[in-house]
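Take a look at the structure set out below.
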């Protein structure tokens, strides 16, 4: 709105419209309610101002009235609840083929790595019109990834991944804030989300990177000796990781867990927590031996082993034809 | 024309009362009289109110400009942390129960004192010990975790005095528990003959509900503090993921108390509003039983909504769904009360004395604050506005616009009873107006700031947020003046105020049948109650009740 | 004035506090007060139990391994000691109700001896843990400890440390409550010695007894939860 006196945040994502719609509905409901109460209070206060000789009329109450003004608000609240829940579910359920960006938060900066390999600090370039999924973790304390223009916010926790997603609809540069107090420079832990038209974005992407994240992950996989036990045949001391991601895994104790990002991460850092059925608990822990970024790369690599047509190494972790056509070295 | 002045009867002779019965500091520090203890609390919490207010002033001054240029980042972090800790634990939670509750609960039910007067004194001692520990902590380095002291930041990433602050709050927490315990036993066991549950003033119902929360909720924050202190001191891993722990466990334990805590802060104020509106409309509260029941409902429901503070913290979608739904259930009884108070005004005979002006202010501001709670309980909206100034505005509307206004209203209403003096009505009405205007100017812009995206606990911010921040700071200055005025004229009135009659407002309630100020044992003989609460029809029609009273 | 005082005294004993209307009201109030206080204690320990149950659910094997290393025999003995002490408390109250002053004093003393025995055995357990480096902190070690029922699997030391942290905090808090209980009973003993308790008035004994029973019940939950995870004879 006004530059120095913003009354409404920019709307730059699909979710933003949904959130704003509910917000406006709430503004109307609240406005009406406030008007009702204020008018009643002011009117009664004036109309029934004490007058000499006029006594107040003692009214006990009215059960029908009580029931009415309990049920009607409850009804309105349930409508708000349902609407809010629908918006929430949509905004917190990433679509299947979203482009992935790994985020590592630390005091007091944001480190981002695109699946294609581009690294950014305190900024994130994305194209208009694409679903982007953020896979986030923290190196130290709890942070929170907040982009007001997208109406999206998700706490970023140490020790596990949390996920957020958005679909940018308008080109521009938007604030990125840390929204969970994290120490001295909490208010300095800000950045820019740069939403570009697709052509501009391709140009930016070709500006150089370290190669796809999954390739980096493959290198680490070899360097750390993972490939010794996690072979692609049945001879390995560890489970074959081909096609593992996204499938259910049967554990020794009979439980079945989904092989999601958090499972992969835990398997690297705390392998004893879940032993796969039929395997011995011999995997050493890599806690302290790998950085968060390296874990992200390994996770991206293991995920790439489940991509359709993946032979294990060279394909990007996002299966769209456009992407695999523009490999970056 | 002030009712009090109109009803004033000058007392020519100074009578013995609880204030002049004994003299000397010892008679105050070792008293077991609930009224003296209430005044000890009054002095203590007022001091902490101004300490917390001073921190708020510095915060708002810093936020006048986008850059962090008044204080350093670490200092700012300590300012908002300590503002929160002091205001929540050392002002708001004790305030109404420990001052007005202590003073009035026994008198309102016709008792000579609370059930456990010495436990009451212990309660104040614990408050003072906790307060001194907190002061020492703040003066020797302070805390910078936010009043919510989330892990692992508070356990493993900050060097400030977490353990000391935690222990101070732990001790103060036991003060709160003992007050609640005392009230529940008193209300159950010491009501005068004829004072049935349905004849209790709504102030008592409100304090009963509050006490239930204090009793059941406070021990959970106590044990959480113990765990955090142990983790820090011994490098344990209960909440630290690097050592196998879970930071979300802390959040659940913390909010399990801290959400009901906000009802500890608002329920007593609702009790005050019921008393004031009844008196200054000259009629009983509309829907007495529903208002009483809704106090209890708020206390119960308040315990099952805590994770609405954690919608973006990493809980499952389904957990979020449950807590959002339950949060709307809490809103219903609060709305019902607002409607009942408004309905009480209908066909009343309304006086505009200062206590009533504060009550009007409460009705407006609590309505707005409560409605914004609906926004926050909506999952889709909360994702955007949580951890922003929207939340800050919401809780200040309730705690300051609601609870603090009601507290001031109550202090004005019962001041003649407490001090035996009348406060200057003109100044009081002016102060109420200044507080209302200052408050809205301070906190309404913050709703906008929150929606446009300014996060909480930020000491520097993007330039486009400045105008809204400047408006907020301007309002804060006005608000500060509004709070200073009562301080000044209440003190003034103790020396120079007109002497108050026993019942300046011709109010219903057993407390008004005692002397102003009351004698140490309140009633010479135990009253026998044969009338309903808020019998303003009988009072205004000039009938006397069948009870032996003093004075 | 003095005539009024002595007449006043005849109506009730010296124990009636004047803000109460009569001894019955005082007794009811004091009793309700203690029950409410115990409710706060339930919530206090409850937070700890909650944290414990969650971690035990997540790290069952590691917790079982850690639990194996604490001495169930000593813990069991302590359970028996506390149950006996609750019996002596009940007998003490009965003694007061039937004007048996010497029995009352004997039972109070016996209760306190049991309490001290409990603390002594606890001290032995703590000392053992200290020597085995199972106390959380810098010198903690729990390497290569097998998980019961899972040959070849070893407990995660970090998770085991969480067990021990909760073990020490829970039993330590409980022991603290025992110490307070001993203090309480010392005072009750002094009052009993002075002959203050009669069949008509022995409320302090009753509420002291309530507190003691509560501390006993907390232990009865602690013992199986902490000492008997996945134990087989």
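We did not get these values from a lab; they are worked out from the coordinates using the rules stated. These numbers were taken from a predicted model, which means no experiment stands behind them. Every residue, glycine among them, receives a Cβ derived from its backbone with ideal geometry; neighbour counts consider all protein chains shown.
Points worth noting:
- Residue with peak Gaussian network fluctuation, chain A [Cα springs, cutoff 10 Å], from A:157, A:134, A:213: A:157
- Hypothetical label at residue B:140: residues of the stretch B:155-188 whose amide nitrogen lies under 14 Å (7 Å Cα-Cβ projection): B:160-168
- Normalised per residue, the volume of the convex hull around the Cα set of the stretch B:396-551 (Å³): 161
- With the simple spin-label model, which puts each label point 7 Å out from Cα in the Cβ direction, the residue C:221 to residue B:129 separation comes to 2.5 nm.
- With the simple spin-label model, which puts each label point 7 Å out from Cα in the Cβ direction, the residue A:192 to residue B:242 separation comes to 3.3 nm.
- The Rg/Rh ratio for the stretch A:1-48, using Cα coordinates for both the radius of gyration and the Kirkwood hydrodynamic radius, is 1.25.
- Within the protein assembly as shown, helix-based [θ] at 222 nm, where runs of 4 or more DSSP H residues each add -39,500 (n - 2.57), nearest 500: -19500 deg cm²/dmol
- Angle between chain B longest axis and helix B:73-85 axis [Cα atoms, degrees, rounded to 10]: 30
- Over the Cα atoms of the stretch B:250-403, the radius of gyration divided by the Kirkwood radius equals 1.01; this is the Rg/Rh ratio.
- Alpha carbon convex hull of the stretch C:194-233, projected area averaged over orientations, nm²: 4.5
- Ordering of B:507-519, C:40-52 by packing is B:507-519, C:40-52, highest average first (other Cβ atoms within 10 Å, averaged per residue).
- Average Cα contact separation per residue, chain C, under 8 Å, 6 or more apart, as relative contact order %: 30
- Taken as Cα centroids, the stretch C:85-136 and the stretch B:457-490 sit 59 Å apart, rounded to the nearest whole angstrom.
- The simple Förster model, with R0 at 51 Å and r as the Cβ-Cβ distance, assigns residue C:105 and residue A:257 a FRET efficiency of 0.25.
- Acute angle (nearest 10 degrees) that the helix B:162-189 long axis makes with the longest principal axis of chain B, alpha-carbon atoms: 30
- Once C-alpha pairs closer than 8 Å and six or more residues apart are averaged by separation and normalised to the residue number of chain A, the relative contact order reads 16 percent.
- Dimensions (Å) - the protein assembly as shown, Cα atoms, principal axes, largest first: 103, 79, 54
- For B:443-455, mean number of other protein chain Cβ atoms within 10 Å: 5
- Tail fraction, Cα-Cα pairs, chain A, threshold 25 Å, whole percent: 62
- Förster radius 60 Å - calculated FRET efficiency between residue A:279 and residue B:304 (Cβ-Cβ, nearest 0.05): 0.90
- Centroid-to-centroid, using Cα positions, the stretch B:323-352 and the stretch B:186-235 are 23 Å apart.
- Computed from the Cβ-Cβ distance with R0 of 41 Å, the FRET efficiency linking residue B:495 to residue B:196 stands at 0.50.
- Value in Å of the Kirkwood radius, where the stretch B:59-194 supplies the Cα pairs that are averaged: 16.8
- In terms of overall dimensions, the C-alpha atoms belonging to chain B reach 70, 45, 45 Å along their principal axes, ordered largest to smallest.
- The value obtained for the stretch B:499-545, namely the Cα convex hull volume divided by the number of residues, is 77 Å³ per residue.
- Restricted to Cα atoms, the stretch B:198-287 shows a radius of gyration and a Dmax of 19.6, 63 angstrom.
- Measuring nothing but alpha carbons in the stretch A:78-226 and taking Rh as the Kirkwood radius, the Rg to Rh ratio lands at 0.99.
- Between the C-alpha center of the stretch B:265-296 and that of the stretch B:146-183 there is a gap of 32 Å.
- Value of relative contact order over chain B, rounded to a whole percent, pairs C-alpha under 8 Å and six or more apart: 19
- The stretch C:1-140: translational diffusion in µm²/s, Stokes-Einstein, Kirkwood Rh over Cα pairs, 25 °C, 0.890 mPa s: 123
- Look at the stretch C:61-69: the mean tally of other chain Cβ atoms within 10 Å of its residues' Cβ atoms is 1.
- Average other protein chain Cβ within 10 Å of Cβ, residues C:154-161: 5
- Between 0 and 90°, nearest 10: helix A:292-304 axis offset from chain A longest Cα axis: 80
- Unit Cα scatterers, Debye sum, the stretch C:22-227: log10 I(q)/I(0) for q = 0.08, 0.10, 0.16 Å⁻¹: -0.35, -0.51, -1.00
- Label-to-label distance, nm, for residues given as residue C:71 and residue B:75 (7 Å Cα→Cβ offset): 5.7
- Counting neighbouring beta carbons within 10 Å and listing from fewest to most, the residues A:178, B:137 come out as B:137, A:178.
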